[in-house]
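Enquirer: Structure incoming, see below.
The values are calculated or read from the model by the stated rules, or taken from the named source; none is laboratory data. Small disclaimer: the values here were computed from a predicted structure and weren't measured. Note that we place each Cβ from the backbone using ideal geometry, even for glycine, and neighbour counts take in every protein chain shown. Ligands, DNA and RNA are excluded from the accessible area calculation, which covers all protein heavy atoms including side chains. Shrake-Rupley method; radii C 1.70, N 1.55, O 1.52, S 1.80 Å.
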Amino acid sequence: ETGVTQSPTHLIKTRGQQVTLRCSSQSGHNTVSWYQQALGQGPQFIFQYYREEENGRGNFPPRFSGLQFPNYSSELNVNALELDDSALYLCASSLDSGINYGYTFGSGTRLTVV
Amino acid sequence: KQEVTQIPAALSVPEGENLVLNCSFTDSAIYNLQWFRQDPGKGLTSLLLIQSSQREQTSGRLNASLDKSSGRSTLYIAASQPGDSATYLCAVWSGTYKYIFGTGTRLKVLA
């Protein structure tokens, strides 16, 4: 059984550019959630996808968008990058929304915006 | 609005010591609470998941307790080892499709 995999592991982008981060969920998991973790802080919820539909969204602007594919893998897209977008982006998958089985996290993508 | 607090923010202990990490939350209407470990610059590793109907969960040297009425959870680590050095995060699920995280306790176990 493979866990949650994220790519790339590290990324450097220039302010104003766009970025796409990818996540493959754990086998059998149909829900994917994305979190942003700034240095020294706890992860902050961006959004969740369940069976290709957005299932909940945190306090992030519309330039943060996502997709979930039929195989339950997911993408996080960020447009018009700002310096404050520099963070560790974490993907988590679960068998349900997380209410019964909790989350399994990937190892994250470190995004640096310069 | 649910808020999660972890105290202390940092802890340094000698190897072999038993220790307790604390997590408190403001809204007792939670569905579950999960403890995670995070190594520097890495993702989160799930340690223990406690459902709202449970009082505690154990895995090896780790024991987590939950007291919903007082809005508290503790993570007990027995016989600490240098390999336990990491940041420990607790997160509560309040039924809004997301976990709310604390800011973590950074643990250093000295050899």
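Enquirer: Just need the relative contact order of chain A here, percent rounded to a whole number, with Cα pairs under 8 Å and 6+ apart.
Expert: Computed value for chain A: 37 percent relative contact order.
Enquirer: Which residues' amide hydrogens lie under 5 Å from the amide hydrogen of A:Ser86, considering only partners 5 or more residues apart or on another chain, with H built in the peptide plane?
Expert: Amide H neighbours of A:Ser86: A:Val113.
Enquirer: Peptides B:66-73, A:78-85: what's the order by average Cβ count within 10 Å, highest mean first?
Expert: Output ranking for B:66-73, A:78-85: B:66-73, A:78-85.
Enquirer: Work out, in µm²/s and without decimals, the Stokes-Einstein translational diffusion coefficient of the protein assembly as shown at 20 °C, 1.002 mPa s, Rh from Kirkwood over C-alpha pairs.
Expert: The calculation lands on 120 µm²/s.
Enquirer: Determine which aspartates and glutamates satisfy two conditions relative to B:Lys108: a Cα distance under 17 Å, and not lying fewer than 8 residues away in the same chain.
Expert: Cα-Cα hits under 17 Å: B:Glu15, B:Glu17, B:Asp39, B:Asp84.
Enquirer: Return the subset of A:Lys13/B:Lys98; A:Lys13/B:Lys1; B:Lys42/B:Lys68; A:Lys13/B:Lys42 for which the Cα-Cα distance in this structure is over 26 Å, preserving the input order.
Expert: A:Lys13/B:Lys98; A:Lys13/B:Lys1; B:Lys42/B:Lys68
Enquirer: Just the number, please: carbon plus sulfur as a percent of the accessible area of the protein assembly as shown, 1.4 Å probe, no ligands or DNA/RNA counted.
Expert: Looking at the protein assembly as shown in its full context, I get 48 percent from C and S.
Enquirer: Can you find, among A:Gly66, A:Gly108, A:Ile12, the residue farthest towards the positive end of the dipole of chain A? Put +1 on the C-beta of Lys and Arg, -1 on that of Asp and Glu.
Expert: A:Ile12
Enquirer: Now a separate question. Nearest 100 Å², what total accessible surface is buried between chain A and chain B (probe 1.4 Å)?
Expert: That pair of chains buries around 1600 Å² in total.
Enquirer: Per residue, how much accessible surface does chain B expose to a 1.4 Å probe? Answer in Å², no decimals.
Expert: With all protein chains present, chain B gives 48 Å² per residue.
Enquirer: Gaussian network model of chain B, Cα springs within a sub-10 Å range: biggest mean-square fluctuation belongs to which of B:Ser28, B:Ser53, B:Ser80?
Expert: B:Ser53
Enquirer: Averaged over its residues, how many other protein chain Cβ atoms are within 10 Å of peptide A:104-112's Cβ atoms?
Expert: Other-chain Cβ atoms within 10 Å of each residue's Cβ, averaged: 3.
Enquirer: Over chain B, what is the relative contact order in percent, taking alpha-carbon pairs closer than 8 angstrom and at least six residues apart? Write down the numbers at each step before the final one.
Expert: On the way: 286 pairs, mean separation 41.5, N = 111.
Relative contact order here is 37 percent.
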